1. Give the order of LEU349, LEU244, LEU89 when sorted by the count of other beta carbons within 10 angstrom, beginning with the fewest.
2. Using the Cα atoms as the points, what is the convex hull volume per residue of the chain in Å³?
3. Of ALA285, GLN198, SER133, which is farthest towards the positive pole of region 121-342's charge dipole, taken about the Cα centre with +1 and -1 on the beta-carbons of Lys, Arg and Asp, Glu respectively?
4. Return the inverse of the average 1/r over all pairs of distinct C-alpha atoms in region 226-286, which is the Kirkwood hydrodynamic radius, in Å to one decimal.
5. Let me know the longest stretch in the chain that avoids all GluC sites (Glu not before Pro) found in a DSSP loop with at most 15 other C-beta atoms within 10 Å.
6. Which one, ASP199, ASP170, ASP249, has the greatest fluctuation when you compute a Gaussian network model over the chain with C-alpha springs under 10 angstrom?
7. I need the fraction of alpha carbon pairs in region 3-116 separated by more than 19 Å, rounded to a whole percent.
8. ³J(HN,Hα) across region 47-54 via Karplus (A = 6.51, B = -1.76, C = 1.60, θ = phi - 60°), whole Hz, x for Gly/Pro?
Amino acid sequence: MKITRIETWHETMDHDTPYTIAYETILSATNVFIRIETDRGVSGFGCAAPDKAVTGETADDVIDALEGTVRSEIVGSNPLRYALLLHRLKSSLPSFPSTLAAVDMALHDILGKVADLPLYQVLGAYRTKMKTSITVGILDEDDTVRCARDFVNQGFKALKIKGGIDWRSDAARIQKVREAVGRSIEIRFDANQGYTTQDAIQFVSETRSAKLELIEQPTPQTELNMLGRVTRTVSIPVMADESLLNLRDAFRIVRRKLADMVNIKLMKIGGISEGMAINAVAKAAGVDVMVGCMDEAALGIAAGLHFALSRPNVRYADLDGHIGLKNDPSDGVVTIRDGYLFPPTSPGLGWR
């Protein structure tokens, strides 16, 4: 079996409702898609969701890398030797994580199709569905409550509230959301690096009665000592997100006990294969894992879901990046019912 050609294209998808986080407002998402064709008539699909602030890439960077380095490295090779191909590409493209993620997805898609099984079954199938949180961006108090209620009415059972600009207003919004949705709904909070150590400690203290499930990346990405001080001080689990970009980061975080949990996003770490390695480090250290996402087409969400379903210590999913994206060509490849994500039953990632 050999790879005969690759095809790439990009899609810019507007959000039906733009949202704000601590450092930007997101209006749209540009994803780059790849199709890897083989001489057996089996094709694999993947997508990249580059974000200059997170992955260090633009859509043009990804397209250039796919049509240049990736094409020259993989055409003519056996796609089932994906470990070898990805090792070579990682050496050639060390700063292109979402590009690598797209290729990794497509190769895993081929693997599932050759096996004639959904990918999560090939990877282990620990579970068959996964509860996901749904994100509420930074809004004023009334709009935050309204948005939270709408999501709960749609069946979501876990909310992720964004903040990080002002801890006092964030704490007030959290309290109002808890009052509005009751005690049975899980509430997670993401500061997106916006707090100082003291801000984070005061925020957690102020919201104690709201019973937050966790606080995600409260402090700046590179200030690991600040993250560690928050983790050692507060009463709820602290999750590292932006501070985790690769396997070495994972080892550093768990060895120094800088966080209670880690957020694995395929786009920022380079795909399922690297996610498996990071997850193994977390498991060995007794650290729980969330599988998260960027603003991704449903195809990217499907890859994250198949990975999450396969590993027992992936306790949380935040796989909502496709919700509200207009003109997503892969729309429908995953299903949401009552706040749970379900994978497709067709082989591979499930998109044809």
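FYI, it's all coordinate maths here, none of it is from the lab. Source: prediction; values computed, not measured. A quick note on method: Cβ atoms are made from the backbone with ideal geometry, for glycine too, and the neighbour counts reach across all protein chains shown.
1. Ranking LEU349, LEU244, LEU89 by Cβ neighbours within 10 Å, fewest first, gives LEU89, LEU244, LEU349.
2. 114 Å³
3. Result: ALA285, furthest along the dipole toward the positive end.
4. Taking the inverse mean of 1/r over all distinct Cα pairs, region 226-286 comes out at 11.5 Å.
5. Longest stretch, sites excluded: 25-222.
6. Most flexible of the set in this elastic network: ASP249.
7. Beyond 19 Å sits 45 percent of the P(r) for region 3-116.
8. So the J values, rounded to whole Hz, are 8, 10, 10, x, 9, 3, 6, 10.
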